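Right, one structure below, let's go through it.
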Amino acid sequence: MPLDSDQLNPTDREILDRLQEGRCTAAYIATEAGYSKGNIRNRIMRLVEHNYVKQLGGGLYELIEDPRE
């Protein structure tokens, strides 16, 4: 079941914003956004499970589809 835009929290939105700019690692997003790496990893894996983000390997992620659109 896809996520609805209102089910996204501020961390999810930050991740999506960063991935719209290009491929990123969870560590980079955490540093840039001021969140813990664990929080970013947990939220990014949720976005991966819902097929909005793809894990490319080596800790690199890319946006497939933005659920806000």
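The values are calculated or read from the model by the stated rules, or taken from the named source; none is laboratory data. None of these values were measured; they are calculated from a predicted model. Neighbour counts run over all protein chains shown; Cβ positions are idealised from the backbone, glycine included. For the accessible areas, the whole protein counts, side chains as well, though only heavy atoms, and no ligand, DNA or RNA atoms are used. Shrake-Rupley method; radii C 1.70, N 1.55, O 1.52, S 1.80 Å.
Summary table
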{"item": "Residues of segment 44-58 that turn out to be open to solvent by 30 Å² or more (accessible area, probe 1.4 Å) and not in a helix (DSSP H, G or I), as a count", "result": "7"}
{"item": "TYR61 being out of contact with any Phe, Trp or Tyr (no Cβ under 8 Å at 6 or more places or on another chain), in contact (Cβ under 8 Å) with a residue 24 or more places away in the chain, assigned to a strand (DSSP E or B) and among the aromatic types (Phe, Trp, Tyr)", "result": "yes"}
{"item": "From the options ARG18, ARG41, ARG68, ARG13, residue that is in a loop (DSSP other than H, G, I, E, B) and in contact (Cβ under 8 Å) with a residue 12 or more places away in the chain", "result": "ARG68"}
{"item": "Segment 13-40, residues that are open to solvent by 60 Å² or more (accessible area, probe 1.4 Å) and under 17 Å from ILE64 (Cβ atoms)", "result": "ARG13, ASP17, GLN20, GLU21, ARG23"}
{"item": "When residues of segment 1-10 are limited to those that are surrounded by 10 or more Cβ atoms within 10 Å (Cβ to Cβ) and either of a type in the set (Ser, Thr, Tyr) or in a helix (DSSP H, G or I) (or both), the one modelled with the highest pLDDT", "result": "PRO10"}
